[in-house]
1. Taking residue 67 and the conditions (1) part of a helix (DSSP H, G or I); (2) surrounded by fewer than 12 Cβ atoms within 10 Å (Cβ to Cβ); (3) not basic (Lys, Arg), which numbered condition does it fall short on, given that it satisfies the others?
2. Would you mind stating whether residue 82 is outside the structural domain of residue 193 (by TED's automatic domain parsing), free of Cβ contacts under 8 Å to residues at least 24 places away in the same chain and among the acidic types (Asp, Glu)?
3. Is there a residue in segment 411-429 that is at negative phi and in a strand (DSSP E or B)?
4. Yes or no: segment 147-154 includes at least one residue that is assigned by TED's automatic domain parsing to the domain that holds residue 206 and free of Cβ contacts under 8 Å to residues at least 60 places away in the same chain.
5. Among what's in segment 154-183 and is surrounded by fewer than 18 Cβ atoms within 10 Å (Cβ to Cβ) and in a strand (DSSP E or B), pick the residue that is modelled with the lowest pLDDT.
6. Scan segment 499-512 and tell me whether some residue there is of a type in the set (Phe, Trp, Tyr) and in a helix (DSSP H, G or I).
7. Just to be sure I understand, how many residues within segment 572-597 are surrounded by fewer than 16 Cβ atoms within 10 Å (Cβ to Cβ) and assigned to a loop (DSSP other than H, G, I, E, B)?
8. So, residue 496, is that one assigned by TED's automatic domain parsing to the domain that holds residue 381, in contact with a helix residue (DSSP H, G or I) (Cβ under 7 Å, 6 or more places away or on another chain) and surrounded by 21 or more Cβ atoms within 10 Å (Cβ to Cβ) or not?
Amino acid sequence: MAKKQQLDPVALAQAQRAREEQEVNTAFQKGITALRDFIAPSSIEFQASHFQIGTRYARSYYVYGYPRQIYTGWLSSMVNIDEVVDLSMYIYPVESQVVLENLRKKVTQIEAGLQIDSEKGRVRDPAKQAAILDAEEMRDKLQVGEERFFRFGLYFTIYAGSLDELEFVSHKVESMLGQQLIYSKPATSQQEQGLNSTIPQLTDQLEIRRNMSTGALSTSFPFTSAELSQDNGILYGINMHNSGLVIFDRFSLENGNSVVFAKSGAGKSFTVKLEALRSMMFGTEIFIVDPENEYQRMCEAVGGAYVRLSLNSATRINPFDLPKVVDSEEADNALRSNLITLHGLLRLMMGGAQAQMTGGGAALAPALAPSEEADLDAALIETYAKAGITNDPLTHTSIPPTIADLYDTLLHMGGTGPQLAQRLRKYTTGTFAGIFSQQSNININNPMVVFNIRDLEDELRPVAMYIVLNYIWNKTKADQKRRILVVDEAWQLMKYEDSANFLFSLAKRARKYNLGITTITQDVEDFMGSRMGRAIVANASMQILLKQSSSAVDVLSDVFKLTSEEKKRLSQFPVGQGLFFAGQNHVHIQIAASPTETGLITTNPEQVQQMNDAAAQGDFSQPAGTIDLNNRLYPGSV
């Protein structure tokens, strides 16, 4: 008879203790918060045509129809749409031999159908003919290995804050794809499978696929969206299409010219100053014509030269100065070129051919009669000759004459000379004497030079801008470095035909001398209303359009061929956002600056006051100070 086995009390106690520890450990693990607890929604509820995930509504779609031909970039509209979209693509390779066999059978079937139609006298079916051509072309390419064959599934899920918004976004997406003959449907009664197919877990539960060859499949590459980033250049801002960086070198385009259009307060000066500051880091020299004293803080912070032009300042610029060019061809034409420039300047000084901006174009009031033009030309040549300067480049090192010398020549010559002299008198001994009628006393060799003309009288401003531009142009021709010339409030030059012609001439010839001209204006209608204004825009390979007034949107839309969406947004952009055009590419950009850069370039009165208050209290944590061109930022007074 078998004896009942005796259990060891110690072993029983150990087993009981192990079970209790297991239960405690299981309960503890259940109480631990895992990562999935943080990212999981609070609830999810599926309906036939949509589902609700937390407080958001969503709908999953599949694409079932494609056109006979699709083109590269057709998916970019989905990638760049301003809605929340999850998009998944499933690609299944298929053995070429299997496809070839199926294509052979398919061609045989279609040809048999065509033969039956012909015997019965039916009208030719174009769809069958196209199918045979496509199948035969695919067979040839598969046979030689030029193409491969795939099964392709495309699904996407859209999200919205309410059912009404979901319907609006659904209609928007379906219409956008339908315009390209790409047809989609909601995954009715399969919303859960649609969600599982679009979240990143690699499970194709919808299994709705389309045959595609390598060429057709390559057009669906998702990263052909608007992108504007290079290996070199400066950071302009953030691409609002895809949150990428807009890093660009304007000199890599056909020319380095740019135009900036924006209404007052939209950030145009901020954008240009940020570009100038960052370009200096790469050795680019900056010239700026500043009509409103907006660039002084930045200029002083980088150790630039700030030239203040006014009737009371000691600064003198002689428009008769000749460029010190090295190129022999340029040297031979230096005097002739300067004479042409002086003709335009003197017409401006003697009354100016002002271009009255009208709907029909610019109506010009001629400043000089033909006889006066001829006498002025003879007087200019004689004035240079008295100073010992002729067409011979060896004489160009002599001290140039001044307007006072030209006045004296006109006064003592026959014809219309004395009358012309009287019209110049206010610049020699009259109200405007001194500033442009004496020898130049500036010789600037600095990576940043700002010419301030704020304190000049309105009548003298266009003359000053003309002379400053000519001075910069002469320096550019003498020493060909990479430079950017910023002309702020350019509409003041465009009011006069001669100064507008001169600016256009610079824009056309700047590329040859490694110069990029930035033209800034807020009076878009006036600027684009002139023939020269439109020509300057046409000669700028880079354009930046920030927020515009409603009246300017239609003008810019016609010039830049904006889409309806871009046109609608152009008057609604917040400060610092706009359209960035570079050659054939354009993106929606957000201008981005660091706190230190913002402190150097902002003209916002509140920010400026905050920085001044912080500096007065000795708090240099505010973004103000000086900037070292070797990228070392340190605080200091400005």
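The values are calculated or read from the model by the stated rules, or taken from the named source; none is laboratory data. Just so it is clear, the structure is predicted and the values come from calculations on it, not from any experiment. Positions of Cβ are backbone-derived with ideal geometry, glycine not excepted, and every protein chain shown enters the neighbour counts.
1. (1)
2. Values: outside the structural domain of residue 193 (by TED's automatic domain parsing): no; free of Cβ contacts under 8 Å to residues at least 24 places away in the same chain: yes; among the acidic types (Asp, Glu): yes.
No; evaluated as a whole, the condition is false for this residue.
3. Keep residues of segment 411-429 that are at negative phi, which gives 411-414, 416-429.
Filter once more, keeping what is in a strand (DSSP E or B): none.
Among the residues of segment 411-429, not one is at negative phi and in a strand (DSSP E or B), which makes the answer no.
4. At the first step, the residues of segment 147-154 found to be assigned by TED's automatic domain parsing to the domain that holds residue 206 are 147-154.
Checking which are free of Cβ contacts under 8 Å to residues at least 60 places away in the same chain leaves us with none.
Among the residues of segment 147-154, not one is assigned by TED's automatic domain parsing to the domain that holds residue 206 and free of Cβ contacts under 8 Å to residues at least 60 places away in the same chain, which makes the answer no.
5. Filtering segment 154-183 for residues surrounded by fewer than 18 Cβ atoms within 10 Å (Cβ to Cβ) gives 159, 161-165, 167-168, 171-172, 174-176, 178-181, 183.
Retained after the next criterion (residues that are in a strand (DSSP E or B)): 159, 183.
Details: 159: 93, 183: 90.
Selected residue: 183.
6. The initial filter retains those residues of segment 499-512 that are of a type in the set (Phe, Trp, Tyr), namely 502, 504.
If we keep only those that are in a helix (DSSP H, G or I) too, we end up with 502, 504.
There is at least one residue in segment 499-512 that is of a type in the set (Phe, Trp, Tyr) and in a helix (DSSP H, G or I).
7. Looking only at segment 572-597, we keep the residues that are surrounded by fewer than 16 Cβ atoms within 10 Å (Cβ to Cβ), and these are 572, 574-575, 583-585, 592, 594-595.
Filter once more, keeping what is assigned to a loop (DSSP other than H, G, I, E, B): 572, 574-575, 583-584, 592, 594.
Qualifying residue count for the region: 7.
8. For residue 496, the condition - assigned by TED's automatic domain parsing to the domain that holds residue 381, in contact with a helix residue (DSSP H, G or I) (Cβ under 7 Å, 6 or more places away or on another chain) and surrounded by 21 or more Cβ atoms within 10 Å (Cβ to Cβ) - is not met.
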